[in-house]
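**Q** Sharing a structure here in structure tokens format.
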Amino acid sequence: MIEIKKLVKDYGELRAVNGIELKINDGEILGFLGPNGAGKSTTFKVLTGYLQPTAGNIFVGNKNIKDHSLEIRKMIGYLPENNPLYVEMTVYDYLRFVADIREIKDFKKRLKEVISQCGLHGVVHKPINTLSKGYRQRVGIAQAILHDPEILILDEPTSGLDPNQIAEIRELIIQLGKEKTLIISSHIMQEVQAVCDRIVIINRGEIVADGKTAELTENIDNIDKISIELKNAEAEDIFGLKETIQGITKISCEAKDDKLQAEIEYLAENDIREDLYLQIKKEKWILLEMHRKHASLEEIFRNLTSNGGNK
Ligand code: ADP
């Protein structure tokens, strides 16, 4: 188990991570989601021992990273953001080099396994700079799993890839998730939604949501939203709908010229459309537009992080 306790990381005056508390169970596939500048990479760098925390502690399997840095590094595989590789080297030479640093004993056997797992058969003897971005990413993942770590941390693993490459890397990630604790960061909701059991949303260095992907999605599926555009109505009349129609959870309203635009949220099980129509008719408001939409996870993410990133 990984336990992050009140983690703080400052860069000079800037607080990039502000008191993160998080427990990650063995075998979990955790999505670390947040806009650019939220503090995802910084958290990963501290977690992998590349940076010292300003305050707080990280325990991996009950061992404090401060006292057991080397040991814990052996348990973790890490694909940094932008996947820095020695691009003049061939895939073989690069992995050999990583294996030497990691002091991997049976390199030949391990290389075979990793090449097969990452689908690198055709490119082993090619220089990395001749490979497509998708293949480079596979090489990055290969170096991260070469020492067969229990925990794998992938920072924005599909960033900059085309849709086919994304699908391939996603498939590889799903396979790896079957045998390892996996932590993946992304600033794209669908990315983590597709592969993760649990999603933690981070904004401005703080956790703003944490839940099972299915639960987060379920709660969101429960809420529907109706947008209406009206004439001859006042904002206070619209807010008053909360009293007359049952099941409304939230109303927002904006006047534009002689029109009013309103968004009405309600629990999906109480379909308010009929009552809303009858009320509009009764009040003799002129209905210019009305449409319904489901709130998506993407929207919740945007709401939770709408004050933007730090960058
Ligand atoms: P994310 O990975 O979520 O995009 P980062 O952890 O990279 O976020 O960055 C968090 C904040 O810390 C940002 O405001 C970023 O500009 C700042 N930051 C990141 N790395 C450094 C650094 N080496 N020196 C100074 N500021 C940094």
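The values are calculated or read from the model by the stated rules, or taken from the named source; none is laboratory data. Just so it is clear, the structure is predicted and the values come from calculations on it, not from any experiment. Because the Cβ atoms are built from the backbone with ideal geometry, glycine has one as well, and the counts that use them run over all protein chains shown. The accessibility values were calculated without ligands, DNA or RNA, using every heavy atom of the protein model including side chains. Shrake-Rupley method; radii C 1.70, N 1.55, O 1.52, S 1.80 Å.
**Q** Checking Ile115 against (1) within 24 Å of Ile2 (Cβ to Cβ); (2) surrounded by 16 or more Cβ atoms within 10 Å (Cβ to Cβ): exactly one of these is not met. Which one?
**A** The one condition Ile115 does not meet is (1).
**Q** When the residues of segment 175-200 are filtered to those that are touching a Lys or Arg at 6+ places or on another chain (Cβ under 9 Å) and not in a helix (DSSP H, G or I), which remaining residue is surrounded by the fewest Cβ atoms within 10 Å (Cβ to Cβ)?
**A** Checked segment 175-200; the qualifying residue surrounded by the fewest Cβ atoms within 10 Å (Cβ to Cβ) is Asp197.
**Q** Is there a residue being away from the ligand (no atom under 16 Å from the Cβ), within 24 Å of the chain's Cα centre (by Cα), buried (at least 23 other Cβ atoms within 10 Å of the Cβ) and farther than 24 Å from Gln193 by Cβ anywhere in segment 39-58?
**A** no
**Q** Where in segment 201-289 are there strands (runs of 3 or more DSSP E), lying fully within it, with 3 or more residues that are farther than 30 Å from Asn36 by Cβ?
**A** Details: elements: 206-212, 223-231, 248-256, 259-267.
The qualifying strands (runs of 3 or more DSSP E) are 223-231, 248-256, 259-267.
**Q** Mind checking which residues of segment 99-152 are free of Cβ contacts under 8 Å to residues at least 40 places away in the same chain, of a type in the set (Lys, Arg) and not in a loop (DSSP other than H, G, I, E, B)?
**A** Selection gives Lys108, Lys109, Arg110, Lys112, Lys133, Arg138.
**Q** If Ile72 satisfies all but one of (1) open to solvent by 80 Å² or more (accessible area, probe 1.4 Å); (2) in a helix (DSSP H, G or I); (3) closer than 30 Å to Glu21 by Cβ, what's the number of the condition it fails?
**A** Of everything listed in (1) open to solvent by 80 Å² or more (accessible area, probe 1.4 Å); (2) in a helix (DSSP H, G or I); (3) closer than 30 Å to Glu21 by Cβ, Ile72 misses just condition (1).
**Q** Hey, another quick one. How many of the residues in segment 1-15 are touching an Asp or Glu at 6+ places or on another chain (Cβ under 7 Å) and open to solvent by less than 20 Å² (accessible area, probe 1.4 Å)?
**A** 1
**Q** Can you tell me how many residues in segment 153-166 are touching a helix residue (DSSP H, G or I) at 6+ places or on another chain (Cβ under 6 Å) and outside any loop (DSSP other than H, G, I, E, B)?
**A** Residues flagged as touching a helix residue (DSSP H, G or I) at 6+ places or on another chain (Cβ under 6 Å) and outside any loop (DSSP other than H, G, I, E, B) within segment 153-166 amount to 3.
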